[in-house]
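Just below is one structure, and these are the notes that go with it.
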Amino acid sequence: MTTVDPSYDLELLLTSTGGARLVAGVDEVGRGAWAGPVAVCAVVTDLSAPPEGLTDSKLLAPSRRTALAGEIMSWATGIGYGEASVEEIDTLGMTEALRRAARRALAELPEKPDAVILDGKHDYLGAPWAVRCQTKADLSCVSVAAASVIAKVRRDALMASLGFEDYGFADNAGYPSPVHQKALSSLGPTPHHRLSWSYMDDLPQWRHLKKHRNTLAGEGQLSLFG
């Protein structure tokens with residue numbers, strides 16, 4: 001796989017001109033999954049050289065990603081991990097679920113960071129945190145790339161541990177693979193599925209299980225067959 005080497009450019013910018021002493025890179029995983037929690041990881045480093053091959057977790061083979069996660073755990077100066085449950089996603093919407101997961105991750109750090117780098121365009125964390133959003137930060141920013149690896153490895157392991165082999169959670173981590181979609185159609189949702197999402201509208205025999213919430217609370221999702 002082709003990888004891109006991230007740099008400390010953004011962390012150094014925030015420390016040299018932004019007045020931050022500690023900067024945390026934050027990334028999420030599971031936003032687009034149909035089952036399982038959404039997870040967020042926060043990583044703080046001492047700006048030392050990162051583990052070799054560090055990049056966006058999506059560009060890494062599973063075995064390399066797992067090995068790299070172990071290296072990150074012994075290299076980073078602070079790591080926090082947080083989740084928001086399926087129940088929170090269904091009740092509160094994805095934006096609030098992400099906010100809760102991120103705050104839980106940041107609360108696990110040994111020291112509160114002065115600034116937070118979020119991957120993407122949308123600040124789902126908000127006040128009182130000093131947030132810098134950066135598109136593709138998981139590729140360009142060392143601390144965010146490290147957070148992406150830890151978040152992915154931990155959430156994948158959780159999804160594999162749930163069982164439900166017919167749904168292929170060990171391989172698809174709750175995302176809508178063909179195996180997952182087929183199991184949903186024939187067997188219906190598990191206790192780990194996000195029942196407020198619009199894919200439920202494409203399952204006539206299970207549609208009565210759909211949960212309804214205020215549509216202003218968060219985003220919907222793609223339909224099962226669209």
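The values are calculated or read from the model by the stated rules, or taken from the named source; none is laboratory data. Remember, it's a predicted structure, so these values are computed and weren't measured experimentally. As a convention, Cβ positions derive from the backbone with ideal geometry for all residues, glycine included, and neighbour counts pool all protein chains shown. Remember, those area values only see protein heavy atoms, side chains included, never the ligands or the DNA or RNA. Shrake-Rupley method; radii C 1.70, N 1.55, O 1.52, S 1.80 Å.
Are any of the residues in the stretch 85-101 under 30 Å from residue 8 (Cα atoms), open to solvent by 10 Å² or more (accessible area, probe 1.4 Å) and among the hydroxyl-bearing types (Ser, Thr, Tyr)?
There is at least one residue in the stretch 85-101 that is under 30 Å from residue 8 (Cα atoms), open to solvent by 10 Å² or more (accessible area, probe 1.4 Å) and among the hydroxyl-bearing types (Ser, Thr, Tyr).
Identify, by number, the condition in (1) surrounded by fewer than 13 Cβ atoms within 10 Å (Cβ to Cβ); (2) modelled with pLDDT of 95 or more; (3) small (Gly, Ala, Ser); (4) more than 19 Å from residue 39 (Cβ to Cβ) that residue 183 doesn't meet.
Single failed check for residue 183: (1).
Would you call residue 195 modelled with pLDDT under 95, under 29 Å from residue 62 (Cβ atoms) and not charged (D, E, K, R)?
Numbers: modelled with pLDDT under 95: no; under 29 Å from residue 62 (Cβ atoms): yes; not charged (D, E, K, R): yes.
Taking the combined requirement at face value, the residue does not satisfy it.
Within the stretch 158-196, take every residue that is among the small types (Gly, Ala, Ser) and within 13 Å of the chain's Cα centre (by Cα) and give me the one that is nearest to residue 44 (Cα to Cα). Walk me through how you get there before you give the answer.
Within the stretch 158-196, the first condition is being among the small types (Gly, Ala, Ser), and the residues that meet it are 160-161, 163, 168, 170, 173-174, 177, 183, 185-186, 188, 196.
Going one step further and asking which of them are within 13 Å of the chain's Cα centre (by Cα), we end up with 173-174.
Working: 173: 26, 174: 28 Å.
Here the answer is 173.
Every residue in the stretch 138-163 that is modelled with pLDDT under 95 and of a type in the set (A, V, I, L, M, F, W, C), please.
Result: 139, single match.
Within the stretch 106-121, identify whether any single residue is part of a helix (DSSP H, G or I), touching a strand residue (DSSP E or B) at 6+ places or on another chain (Cβ under 9 Å) and closer than 19 Å to residue 64 by Cα, and answer yes or no. Let's see the steps before the verdict.
Residues of the stretch 106-121 that are part of a helix (DSSP H, G or I), as a first pass: 106-107.
Add one more test, that the residue is touching a strand residue (DSSP E or B) at 6+ places or on another chain (Cβ under 9 Å), and what stays is 106-107.
Filter again for closer than 19 Å to residue 64 by Cα, leaving none.
No: zero hits.
Taking the residues in the stretch 17-73 that are over 18 Å from the mean Cα position of the chain (by Cα) and of a type in the set (Ser, Thr, Tyr) as candidates, determine which candidate is most open to solvent (accessible area, probe 1.4 Å).
17
Could you list, in sequence order, all residues of the stretch 102-113 that are open to solvent by 70 Å² or more (accessible area, probe 1.4 Å) and more than 14 Å from the chain's Cα centre (by Cα)?
First, the residues of the stretch 102-113 that are open to solvent by 70 Å² or more (accessible area, probe 1.4 Å): 103-104, 107-108, 110-112.
107, 108, 110, 111, 112 - these are the residues of the stretch 102-113 that are open to solvent by 70 Å² or more (accessible area, probe 1.4 Å) and more than 14 Å from the chain's Cα centre (by Cα).
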